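The values are calculated or read from the model by the stated rules, or taken from the named source; none is laboratory data. Remember, it's a predicted structure, so these values are computed and weren't measured experimentally. With ideal geometry, Cβ positions are generated from the backbone for all residues, glycine too; neighbour counts draw on all protein chains shown.
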Amino acid sequence: MQLTVFTDYGLRTLMFLAARTGEMCSVKDIANHYGISRNHLVKVVHHLSQAGYIVSAKGRGGGIRLAEGTAELRLGDIVLALEPNMNLVECFDRKTNTCKIIGACQLKHYLHDANRAFVAALNEHTLADTVKNKALFG
């Protein structure tokens, strides 16, 4: 399994903001900290704002900050909200599946169980758990 870059950047953005609770930060600050594309990060931040994970303010003194209660969100739930799907294999998407053995295949069940276990393992931790060493975030 590999998470999308979008989800990776989303998690990193939330971690950066969680390490600076209540502080307004800029997309530029986050992009520079991680050495990632500011343009791509703008799209991620927009999505995080729409999802209610962050609060944004324009103008002088503006920026973005973590929304109240977001630090206590479970990581698996965040990943599920950011990933476009959790389709490990083609047969997980009924609309595009062309696998000829779908009816008799047992592998899909094991992969589905593994997928659920992955999310469950992430849900054992919160966003706040990921930023215990705030020094990593400057």
Out of ASN123, ASN87, sole residue that is within 22 Å of MET1 (Cβ to Cβ) and touching a strand residue (DSSP E or B) at 6+ places or on another chain (Cβ under 6 Å) | ASN123
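Looking at this structure, is GLY62 surrounded by fewer than 12 Cβ atoms within 10 Å (Cβ to Cβ) and not aliphatic (A, V, I, L, M)?
Yes; evaluated as a whole, the condition is true for this residue.
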Out of (1) touching a residue at least 24 places away in the same chain (Cβ under 8 Å); (2) exposed (fewer than 13 other Cβ atoms within 10 Å of the Cβ); (3) charged (D, E, K, R), the one GLU68 does not meet is (1)
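What residue, among those in segment 46-60 that are in a loop (DSSP other than H, G, I, E, B) and not hydroxyl-bearing (Ser, Thr, Tyr), is nearest to the chain's Cα centre (by Cα)? Let's see the steps before the verdict.
First pass over segment 46-60, keeping only residues in a loop (DSSP other than H, G, I, E, B): 51-53, 58-60.
Adding the requirement that they be not hydroxyl-bearing (Ser, Thr, Tyr) leaves 51-52, 58-60.
Values: ALA51: 11, GLY52: 13, LYS58: 24, GLY59: 27, ARG60: 28 Å.
This residue is ALA51.
A quick yes/no check of all residues on (1) at pLDDT below 95; (2) over 12 Å from LEU14 (Cβ atoms); (3) of a type in the set (Phe, Trp, Tyr):
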{"residue": "ILE36", "(1), (2), (3)": "no, yes, no"}
{"residue": "ASN39", "(1), (2), (3)": "no, yes, no"}
{"residue": "ALA57", "(1), (2), (3)": "yes, yes, no"}
{"residue": "ARG60", "(1), (2), (3)": "yes, yes, no"}
{"residue": "LEU73", "(1), (2), (3)": "no, no, no"}
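Of everything in segment 82-111 that's under 30 Å from TYR53 (Cα atoms) and of a type outside the set (A, V, I, L, M, F, W, C), which residue is nearest to the chain's Cα centre (by Cα)? If you could, list the steps in order and put the result at the bottom.
Pass one, segment 82-111, residues under 30 Å from TYR53 (Cα atoms): 82-89, 92-93, 111.
So of that shortlist, the ones also of a type outside the set (A, V, I, L, M, F, W, C) come out as 83-85, 87, 93.
Details: GLU83: 7, PRO84: 11, ASN85: 12, ASN87: 16, ASP93: 21 Å.
Selected residue: GLU83.
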Looking only at segment 1-28, which residues are surrounded by 18 or more Cβ atoms within 10 Å (Cβ to Cβ) and in a helix (DSSP H, G or I)?
-> THR7, TYR9, GLY10, LEU11, ARG12, THR13, LEU14, MET15, PHE16, LEU17, ALA18, VAL27
Sole miss for ASN85 among (1) over 19 Å from LYS132 (Cβ atoms); (2) surrounded by 14 or more Cβ atoms within 10 Å (Cβ to Cβ) is condition (2)
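Which residue out of GLY52, GLY76 is in contact (Cβ under 8 Å) with a residue 40 or more places away in the chain, more than 25 Å from ALA135 (Cβ to Cβ) and surrounded by 12 or more Cβ atoms within 10 Å (Cβ to Cβ)?
Working: GLY52 fails: in contact (Cβ under 8 Å) with a residue 40 or more places away in the chain.
Exactly one of GLY52, GLY76 is in contact (Cβ under 8 Å) with a residue 40 or more places away in the chain, more than 25 Å from ALA135 (Cβ to Cβ) and surrounded by 12 or more Cβ atoms within 10 Å (Cβ to Cβ), namely GLY76.
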Looking at this structure, is HIS40 loosely packed, with under 15 Cβ neighbours inside 10 Å and either part of a helix (DSSP H, G or I) or at negative phi (or both)?
-> yes
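Criterion first (exposed (fewer than 15 other Cβ atoms within 10 Å of the Cβ), touching a residue at least 12 places away in the same chain (Cβ under 8 Å) and closer than 30 Å to THR21 by Cβ) does ALA120 satisfy it?
Yes.
Does segment 71-83 contain any residue that is at negative phi and part of a strand (DSSP E or B)? Even if it seems obvious, please write down each step before you answer.
To start, the set of residues in segment 71-83 that are at negative phi comprises 71-83.
This time we only want the ones that are part of a strand (DSSP E or B), so: 74.
Yes, segment 71-83 contains at least one residue that is at negative phi and part of a strand (DSSP E or B).
For segment 84-98, how many residues meet the condition of being charged (D, E, K, R) and in a helix (DSSP H, G or I)?
Filtering segment 84-98 for residues charged (D, E, K, R) gives 90, 93-95.
In the following step, the residues that additionally are in a helix (DSSP H, G or I) were identified as 90.
Of the residues in that region, 1 qualify.
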